[in-house]
1. I'd like to know if the stretch 72-95 contains one or more residues that are at pLDDT below 90, in a loop (DSSP other than H, G, I, E, B) and more than 15 Å from the chain's Cα centre (by Cα).
2. Do we find a residue being surrounded by 14 or more Cβ atoms within 10 Å (Cβ to Cβ) and touching a residue at least 24 places away in the same chain (Cβ under 8 Å) anywhere in the stretch 52-59?
3. Looking at (1) surrounded by fewer than 11 Cβ atoms within 10 Å (Cβ to Cβ); (2) in a loop (DSSP other than H, G, I, E, B), find the lone condition where GLU69 falls short.
4. For the stretch 13-24, give me each residue that is surrounded by 12 or more Cβ atoms within 10 Å (Cβ to Cβ) and of a type outside the set (Ser, Thr, Tyr).
5. State the number of residues belonging to the stretch 1-17 that are of a type in the set (Phe, Trp, Tyr) and modelled with pLDDT of 95 or more.
6. Right, ASN10: surrounded by 14 or more Cβ atoms within 10 Å (Cβ to Cβ) and without any contact (Cβ under 8 Å) to a residue 60 or more places away in the chain or not?
7. Exactly one condition in (1) modelled with pLDDT under 85; (2) touching a helix residue (DSSP H, G or I) at 6+ places or on another chain (Cβ under 6 Å); (3) not in a loop (DSSP other than H, G, I, E, B) is not met by ALA102; state its number.
8. Select from the stretch 12-51 the residues that are within 22 Å of TRP90 (Cβ to Cβ) and among the hydroxyl-bearing types (Ser, Thr, Tyr) and list them in ascending order.
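The values are calculated or read from the model by the stated rules, or taken from the named source; none is laboratory data. Being a predicted model, the structure only gives us computed values, none of them experimental. Cβ sites come from the backbone with ideal geometry, for glycine too, and all protein chains shown count toward neighbours.
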Amino acid sequence: MVDYKFNEKNTIKQIKRYVDKTYEKHYASGKYQATDMIIDAGHGDGFCMGNIIKYAMRYGKKPDPVTGEYRNQGDLLKIIHYAIIAIHLWVENKTNSTEDEASEEYLSVKREMFPRNEDGTRKGWYK
């Protein structure tokens, strides 16, 4: 068992709860999220990086709507979520662009992170 120094185990649980809640909010109510459309248009990397920069620059300047705190976790959680999406895009691009030559390690990561249905279509929000 890893002896985490910075409460990473609980922080990762908190990140998961945050990401799960984003699927319940207004921008997840339809078949596609705006993020899906942006990624499909080929702008996913820039969209993610832009949002990471936006929320990093905003951190400490805009109060949390619930707590009123300026150094709020909401902005940090958004940064992490957009980083997760960027990682997804990186892995998918890396494994799709060179699938014939991709290492088994990359293919293993892709299969684990981005499972597919029996018919080959992707599971999850990134369909």
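1. yes
2. The answer is yes, given that some residue of the stretch 52-59 is surrounded by 14 or more Cβ atoms within 10 Å (Cβ to Cβ) and touching a residue at least 24 places away in the same chain (Cβ under 8 Å).
3. GLU69 satisfies every listed condition except (1).
4. Initially, the stretch 13-24 is screened for residues surrounded by 12 or more Cβ atoms within 10 Å (Cβ to Cβ), giving 14-15, 18-19, 22-23.
Of everything in the stretch 13-24, those that are surrounded by 12 or more Cβ atoms within 10 Å (Cβ to Cβ) and of a type outside the set (Ser, Thr, Tyr) turn out to be GLN14, ILE15, VAL19.
5. Within the stretch 1-17, the first condition is being of a type in the set (Phe, Trp, Tyr), and the residues that meet it are 4, 6.
Subset that is modelled with pLDDT of 95 or more: 6.
Matching residues across the stretch 1-17 total 1.
6. On the way: surrounded by 14 or more Cβ atoms within 10 Å (Cβ to Cβ): no; without any contact (Cβ under 8 Å) to a residue 60 or more places away in the chain: yes.
Answer is no for this residue.
7. Unmet condition: (3).
8. TYR18, THR22, TYR23, TYR32, THR35
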